[in-house]
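Read the structure below first, then the notes.
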Amino acid sequence: MTSGFEPCNISAVNGPGKGSSWASVGGLAITGTVMGVCVALGLAGGYWLDRKLGTGPWLAVVGLLVGVAAAFRELLRAVRSARRDRE
């Protein structure tokens, strides 16, 4: 008797012979983590500068925008890398 549960076939995403499915999962996990860290560091840096310079929330907003831009850049880098690997 089977449980009816079938594990996800990540190799279907990579295609046959395109590397380890665990490497794909690891790459996605790292990309997500780096994106979160970019946003958090941008916001924290802006908040810290606001407290030091007494500028209110403005540098925190700028830091957040810089963090989001860095996260988007990381996403584009990951997409380009994935395209290169698929070819």
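A few notes on this one:
- Around the Cα centre of the stretch 36-87, unit charges on the Cβ atoms of Lys, Arg, Asp and Glu (plus for the first two, minus for the last two) sum to a dipole of about 160 debye.
- log₁₀ of I(q)/I(0) at q = 0.19, 0.30 Å⁻¹ - the stretch 26-86, Debye sum with one point per alpha carbon: -0.65, -1.07
Every number in this text was worked out from the coordinates using simple rules, so none of it is lab data. Just so we're clear, the structure is a prediction, and the values are computed from it rather than from any experiment. Note: ideal-geometry Cβ built from the backbone for every residue, glycine included; neighbour counts use all protein chains shown.
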